[in-house]
1. At 0.36 nm per residue, and after removing the present C-alpha to C-alpha distance, how many nm does the segment from B:GLU25 to B:GLU12 gain when stretched out fully?
2. So for each of A:146-154, A:70-78 I average, over its residues, the number of other beta carbons within 10 Å; can you give me the resulting order with the highest mean first?
3. Please find the FRET efficiency linking B:THR179 to B:THR157, where r is the Cβ-Cβ separation and R0 is fixed at 25 Å, and quote it to the nearest 0.05.
4. Simple spin-label model, 7 Å along Cα-to-Cβ: A:LEU171 to B:TYR150 in nm?
Amino acid sequence: MAERVRRLSSVDESGLLRSRTPLEADVESRFGSDDAAVLRAAFDLCGGAVLAYGRRLLPSNEDAEDLVQQVFVTAWRQRHRYDPGRASLLSWLLGIARHKAIDRLRRLERERRVVVEDRGRVVDEAGRTADRLLVAEALSWLRPEQQLVLELAFYDDLTHQQIADKLGMPLGTVKSHARRGLQRLRRFLDTPTMEAS
Amino acid sequence: MAMDPDVGDVDEHAHLDDCARCARELAVLRDVSSRAREARPDDTPPAPPEAIWDRVVQELTHAGDLAVDQVAPPRPAWQQPWAAAAALIGVVVLAAAVLLSFPGGDGAVVAEATLEPLAEVREATAVLTADGVQRELAVDTPVLPDIDGYYELWLLTPDGSGLVSLGPVAGTGRHEIPTAVDTDLYSVVDISREPSDGDPSHSTDSVLRGPLEPTT
């Protein structure tokens, strides 16, 4: 707990969890354009999460790296389909990754290079992994005070009143940080399943 | 309320019993909240290797989905807006300089080379110009993948028995050829990958090579 507050207070000073370039900051609104620099910014911003997702689901690191390649190639070809009003860019990319990873697993299975014993478990695992990556990404976009309130509520199981006491913040302020933070998380987590061919 | 059941007074709870829209909203936020709770995030995952980006660009350019000149520079140039702007201005100035002087500029074109890829890179060209005082080799390479180290330009004899370095190369540039070098003998243009190890000799790891053909 103490450690988390310390980490977040250092975030407070800089104002952002990790620095984003101006291009990265509006990569979502510009993603549909023909500017390849936007694809590069998306790669810098989301490539790590897509790779982590692939490593979680696919048998080898090579498969995971191939997945990243496929996802960004597909994302560029289908960039006009991305709607920032419906989903965060990372949820859209992970939707593509999910399809590609399942295709890949099926092919590996056909070639008898892997045995998938429990397909349901793989799908659950895919969902949990995506959630974890999306929550990390979503939290990193929140204002530091919203982030702090949500982390204390989620991971330290504090009530709003306890958070207010701990931070010396009025209860109403804690509630409004929690509400706004949660609304922004929703954009990352409450998204329709993305279909990508 | 979605996160903390103690929040909300009697009126608010009563309202939720009656209002389907707010109740649905609360259910969605509860679901988001519980998923976020379960998904205790790992630290930000590390960035993927630069080689994967190169593969993305290669696949898209080969398939014609992306023109080579559309490709963005790698991340460091974008980390500062002024750096990006300066880099862009640099590219424009360099391109203008090359366009103005390449090939016609000071000297007449005396030979040209098409450099064939020996690794996963795209074809490049080199033009030798001479104006009676100095000779220059202007090379135009497409985007070369980022490497640990740098790319170096060489002139070789066709049998590989002799070589002379014309210095590091990046993108488009002009390289003066020392007067002692006979380009009739040193007639092969070569670009190699060189590690930054202080060793000035050729790494033997060439990525592009082609013979100079006199233009008549």
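No value in this document is a laboratory result; all are computed from the given coordinates. Being a predicted model, the structure only gives us computed values, none of them experimental. Glycine gets a Cβ as well: all are built from the backbone with ideal geometry, and neighbour counts include every protein chain shown.
1. On the way: separation 13, 0.36 × 13 = 4.68 nm, distance 1.36 nm.
Length gained, B:GLU25 through B:GLU12: 3.3 nm.
2. Numbers: A:146-154: 24.0, A:70-78: 21.3.
Packing order, densest peptide first, comes out as A:146-154, A:70-78.
3. Details: r = 18 Å, r/R0 = 0.70.
Here the calculated transfer efficiency is 0.90.
4. 6.6
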